[in-house]
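Undergrad: Just passing along the structure, written as structure tokens.
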Amino acid sequence: QVQLVESGGGLVQAGGSLRLSCAASGRTLSTSKIGWFRQAPGKERDFVAAINWGGGSTYYADSVKGRFTISGDNTKNMVYLQMNSLNPEDTAVYYCAAGISRILITSTSGYSYWGQGTQVTVSS
């Protein structure tokens, strides 16, 4: 089992920034990748960003590329999502997730463990 806990969400005005954190615990040695997904009301859970837990390669959805940065410290079992230039379209519940393989990076199917989510609301 891998447990994931997100934090750092909140209310921010358009153009502002937030930094989300994901703390991992449990059997983290088996983790290959950690991703961030988001889900707005009435919509599917969409890929945001991911990081290869061992090699450090990162991946981003086109909608956040250039604005968001994912990083991690596997000695501390922490992953971060720095979100800059936020706009109302970024409003969603943000989830971190862990997967044991390095495939299906942008799909929820590629991840076995999920956090509880943290709300990000961006006002106009």
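The values are calculated or read from the model by the stated rules, or taken from the named source; none is laboratory data. These numbers were taken from a predicted model, which means no experiment stands behind them. Cβ placement follows ideal geometry from the backbone for every residue including glycine, while neighbour counts extend to all protein chains displayed. When the accessible area is computed, the model is the full protein with side chains, heavy atoms only, and any ligands, DNA or RNA have been set aside. Shrake-Rupley method; radii C 1.70, N 1.55, O 1.52, S 1.80 Å.
Undergrad: Return a whole-number percent for the relative contact order of the chain, with Cα pairs under 8 Å and 6 or more residues apart as the contact set. Mind dumping the intermediate values first?
TA: Working: 314 pairs, mean separation 44.7, N = 124.
Relative contact order of the chain: 36 percent.
Undergrad: Please express the shape of the range 35-124 as an equivalent ellipsoid: the semi-axes are the square roots of 5 times the eigenvalues of the C-alpha gyration tensor, given largest first in whole angstrom. Intermediate values should be presented prior to the final figure.
TA: On the way: eigenvalues 87, 43, 28 Å².
The answer is 21, 15, 12 Å, longest axis first.
Undergrad: Beta carbons within 10 angstrom, averaged per residue: use that to sort the peptides 77-87, 18-28, highest first. Please list the in-between numbers first.
TA: Values: 77-87: 18.9, 18-28: 17.4.
Highest-to-lowest ranking by the protection proxy: 77-87, 18-28.
Undergrad: Treating the beta-carbon of each Lys and Arg as +1 and of each Asp and Glu as -1, no other charges, what is the dipole magnitude of the chain about its Cα centre, to the nearest 20 debye?
TA: Working: 10 positive and 7 negative charges, 50 e Å.
That gives a dipole near 240 debye.
Undergrad: In the neighborhood of Asn52, defined by Cβ-to-Cβ distances under 14 Å, what is the net charge if each Lys or Arg adds +1 and each Asp or Glu adds -1?
TA: Working: positive: Lys33, Arg102; negative: Asp73.
It works out to a net charge of +1.
Undergrad: Okay, moving on. Taking 0.36 nm per residue of sequence separation and subtracting the Cα-Cα distance, how much length would be gained by fully extending the chain between Leu104 and Asp46, in nm to one decimal?
TA: Working: separation 58, 0.36 × 58 = 20.88 nm, distance 1.29 nm.
Extending this stretch completely gives an extra 19.6 nm.
Undergrad: Still on this structure, I have one more. Using r as the Cβ-Cβ distance of Thr28 and Gln119, and R0 as 35 Å, what FRET efficiency do you calculate, to the nearest 0.05? Mind showing how you got there, number by number?
TA: Details: r = 25 Å, r/R0 = 0.72.
That pair, Thr28 with Gln119, gives E of 0.90.
Undergrad: So the label point goes 7 Å from the Cα of Ser17 along Cα→C-beta, right? Which residues of the range 54-78 then have their backbone N under 15 Å from it?
TA: From the range 54-78, the list is 66-71.
Undergrad: Keeping the other protein chains in place, figure out the carbon and sulfur percent of the accessible area of the chain, with a 1.4 Å probe.
TA: Values: 2980 of 6260 Å².
Whole-percent figure for carbon plus sulfur exposure: 48.
Undergrad: Provide the net charge surrounding Val64, with neighbours chosen by a C-beta distance below 13 Å and charges set as Lys +1, Arg +1, Asp -1, Glu -1. Working shown, then result.
TA: Working: positive: Arg38, Lys65, Arg67; negative: Asp46, Asp62, Glu89, Asp90.
Neighbour charge sum, excluding Val64 itself: -1.
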